[in-house]
Amino acid sequence: MSESNTFSDLDLRHKAADCIDNNLEPILSAWESEVRRNIPAARYQEKILLRNHLLPYLTSLSERLRSASVKSARDRNAQDQDFDASANEIHGRLRATLPGYSIEEVIDEYITLRQIVTDFIEKQNLLSQQVLEVICAVNEKAIMHAATQFSSSLQVLRQRAVSMLMHDIRNPLNVVSITAELVKAKSESQAKNMDTVLANAAKIDKMVTELLDAVKLQAGEGLELRFDHCDLHQTIKVATEGASLAYPGRIEVHFPDEPADGQFDTSGLARAVENLISNAIKYGDSEEKVLVELKVSPDFVTISVHNWGHPIDEKDQATIFVTFARSQDQEKNFREQGWGLGLAYVKAVAEGHGGEVKVDSSEKKGTTFSMILPRGLDSSADEGKSGS
Amino acid sequence: MKKALIAEDEIDLLQALKTVLEGEGFSVTACKDGREAINMMQDSPPSLLITDLMMPRMSGLELIHEMRSRNELKEVPVIMISCADLPDGMRDEDIQSFLRKPFSVRKLLREVNRVLEGR
């Protein structure tokens, strides 16, 4: 590091900036050779693709070095670096689309660039403490922008891939179900086997739909809800039918005498109630009944599902509605936990109705999940998206 | 004999749907995309079109817009089938029925009968 030179700090920074401006191509060439040697994902990339947006990084660095104030030159949160930020963000985003790049490799590219720039400046005997601080500050901010974008872009790409795959699965699934129905219609001896095929095709379809909903919820897109004026007596009957057949005598339903009508998305609510019942059966005491209750007040309806058994830990109650969240107990036994999507869906549906979902769980009272939904009788609730 | 045209790029599903409709007494022709469907329909419009939404060359959405702009095809009833939900911007008058895959034979035939009775 240069300590013995006679230049002022500002002079040194200006000269370091000149050194960068005069050596853009050699710096990028040296960097390119280095990353091709050390970063496997960079090895076979085209030159333009590899170097994209690194020139603005160098230009931005030299501008920072020329900055009159040492403080603003070092400042990692300086507002004048918009171009730098967007170039690095684009760089991170594009890296997410190139095969083989991990977040470590994106960061490694920037660290390599910092080392090469530092070497060039040091060879000219221009590397003061201030110059090094500016180089590091610009580099850290660039890494932060690029890595953040890389990571969020990768997540979006993964979500898209999952979504496409899940949609595409419905084609072969439909071939399976139609073919099973055709065989069933022609061969009485195969009817039972074909019913098993059909029941399992329906299970796969349910899982696909749940996963697609979860991807949407995670991406912050919300659920598509279609509101109609309807009575929830029928919705609860439909939602409890499957579980009552599968677990005879286990499901008890309490209906109010008065109608529970309002503006609701019945299919969304039916699925939400199915999810709550499925959880109550899965995690509740198998010797005890699951109680599904519908209550009505002038402005609200409440759908609650209660089970006895081991209560949900208080610390888990806060995160239980988050997509893919699983309680610590559930983590211990992966097979029992399902997808971890059901409650996130329940919450999204309740909130999409302008309502909420609550959990009350203790050893003494058992566990109750309640969806509290405004009836929307006097307001014009129409077709829309949930706000989640 | 009632004539049905099925446009679907998934060959196995196309074949399964063809078998179902032939079993119901339809004369069925089949094609793999919207462009082929237009070519096959223009000389002899079918009693019913069942079309997938996502297809190469010409999608189901483009196919329906093209049909509705042609005098000889604008009255042909359409059942749209898709792996995704009903697309935004699809008007009620554009299609007579929408089935999200996977659908059952019973549901398909119920919609076929409903659509044909409504003509």
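List the lysines whose alpha-carbon lies under 29 Å from that of A:K15, not counting same-chain residues fewer than 8 positions away?
A:K47, A:K71, A:K123, A:K141
Return the calculated 222 nm mean residue ellipticity for chain B, to the nearest 500 deg cm²/dmol, obtained by summing -39500 (n - 2.57) across DSSP H runs with n ≥ 4 and dividing by the residue count. Present the calculation step by step, with values, prior to reporting the outcome.
On the way: 4 runs with 45 residues, N = 119.
Calculated mean residue ellipticity at 222 nm is -11500 deg cm²/dmol.
Calculate how steeply helix A:232-246 sits against the longest principal axis of the alpha-carbon atoms of chain A, using the helix alpha-carbon long axis, and give the answer as 0 to 90 degrees to the nearest 10.
With both axes taken from Cα atoms, the answer is about 90 degrees.
Computed over the Cα atoms, what is the radius of gyration of chain A divided by 2.2 N^0.38 Å, N being its residue count? It would help to have the intermediate numbers written out before the result.
On the way: Rg = 30.1 Å, N = 388, 2.2 N^0.38 = 21.2 Å.
The value comes to 1.42.
Would you tell me the mean number of C-beta atoms belonging to other protein chains that fall within 10 Å of each C-beta in B:78-84, as a whole number? Working shown, then result.
Numbers: counts 0, 0, 0, 3, 3, 11, 6.
Across B:78-84, the average partner-chain Cβ count within 10 Å equals 3.
Where in chain A lies the longest segment free of GluC sites (Glu not before Pro) that are both loop residues by DSSP (not H, G, I, E, B) and have at most 11 other Cβ atoms within 10 Å?
On the way: sites that count: A:E3, A:E46, A:E287, A:E363, A:E383.
Here the longest segment lacking exposed loop sites spans A:47-286.
Quick one: helix A:82-97 against the long Cα principal axis of chain A, what's the angle to the nearest 10°, folded into 0 to 90?
Roughly 60 degrees between the two axes.
Using only alpha-carbon positions, what ratio does the radius of gyration of the stretch B:35-119 give when scaled by 2.2 N^0.38 Å? Before the final figure, lay out each step's value.
Numbers: Rg = 12.3 Å, N = 85, 2.2 N^0.38 = 11.9 Å.
Computed over Cα atoms of the stretch B:35-119, the ratio equals 1.03.
Pairing the Cα long axis of helix A:9-22 with the longest principal axis of chain A, what angle in degrees results, from 0 to 90 and rounded to the nearest 10?
Result, in degrees: 80.
In the neighborhood of B:S27, defined by Cβ-to-Cβ distances under 13 Å, what is the net charge if each Lys or Arg adds +1 and each Asp or Glu adds -1?
Around B:S27, the surrounding residues sum to +1.
Reported to two decimal places, what Rg/Rh ratio describes the stretch A:156-312 when computed on Cα atoms with Rh from the Kirkwood expression?
Details: Rg = 18.6 Å, Rh = 18.2 Å.
Rg/Rh: 1.03.
Ranking A:R95, A:R250 by Cβ neighbours within 10 Å, fewest first, what do you get?
Values: A:R95 28, A:R250 18.
Fewest to most other Cβ atoms nearby, the residues stand as A:R250, A:R95.
Quick one: Cα centre-to-centre distance for the stretch A:286-305 and the stretch A:190-238, in angstrom?
Each part reduced to its Cα centre gives a spacing of 21 Å.
For the pairs A:K184/B:K107; A:K216/B:K32; A:K237/A:K282; A:K295/A:K364; A:K203/A:K282; A:K186/B:K2, flag any whose C-alpha to C-alpha distance is greater than 18 Å. Mind dumping the intermediate values first?
Values: A:K184/B:K107 16 Å; A:K216/B:K32 30 Å; A:K237/A:K282 20 Å; A:K295/A:K364 22 Å; A:K203/A:K282 16 Å; A:K186/B:K2 23 Å.
Correct reply: A:K216/B:K32; A:K237/A:K282; A:K295/A:K364; A:K186/B:K2.
What distance in nm lies between label points placed 7 Å from Cα along the C-beta direction at A:S102 and A:S33?
Once both label points are built, they end up 2.8 nm from each other.
Hey, which aspartates and glutamates would be in cross-link range of A:K206, C-alpha to C-alpha under 19 Å, not counting anything within fewer than 8 residues on its own chain?
Filter leaves A:D168, A:E181, A:D195, A:E224, A:E241, A:D265, A:E274, A:E336, B:D85.
Give me the distance between the Cα centres of the stretch A:8-39 and the stretch A:94-157, rounded to whole Å.
If we compute the Cα centre of each part, the gap is 13 Å.
Name the residue from B:L86, B:L108, B:I38 whose Cα lies farthest towards the positive end of the charge dipole of chain B, charges +1 on Cβ of Lys and Arg and -1 on Cβ of Asp and Glu.
Selected residue: B:L108.
Taking chain A as a Gaussian network, where each spring joins two C-alpha atoms under 10 Å apart, which residue of A:Q45, A:Q149, A:Q218 fluctuates the most?
Ranking A:Q45, A:Q149, A:Q218 by mean-square fluctuation puts A:Q45 first.
Test of understanding: in a Gaussian network model of chain B with alpha carbons linked when under 10 Å, which of B:K101, B:K74, B:K18 would top the mean-square fluctuation ranking?
So, out of B:K101, B:K74, B:K18, the one fluctuating most is B:K101.
How high is the FRET efficiency from A:N125 to A:E221, r the C-beta distance, R0 45 Å, rounded to 0.05?
Values: r = 56 Å, r/R0 = 1.24.
With a Förster radius of 45 Å, E is 0.20.
Would you tally the net charge around B:P56, using a Cβ to Cβ cut-off of less than 12 Å, leaving B:P56 out, and scoring K and R as +1, D and E as -1? Could the numbers behind the result be given before it?
Working: positive: B:K32, B:R35, B:R57; negative: B:E8, B:D9, B:E10, B:D33, B:E36, B:D52, B:E62.
Its environment carries a net charge of -4.
Only Cα pairs within less than 10 Å get springs; with that Gaussian network setup on chain A, which residue of A:N279, A:N22, A:N52 has the largest fluctuation?
Answer for the Gaussian network model of chain A: A:N22.
Divide the volume of the convex hull of the Cα atoms of the stretch A:1-221 by its number of residues and quote the answer in cubic angstrom per residue. Working shown, then result.
Values: hull volume 30.2 nm³, N = 221.
Per-residue hull volume (Cα only) is 137 Å³.
Values quoted throughout were computed directly from the atomic coordinates according to the rules given, and no laboratory measurement underlies them. Values in this document were obtained by computation on a predicted structure and should not be read as measured data. Ideal geometry is used to build each Cβ from the backbone, glycine not excepted, and the neighbour counts take in all protein chains shown.
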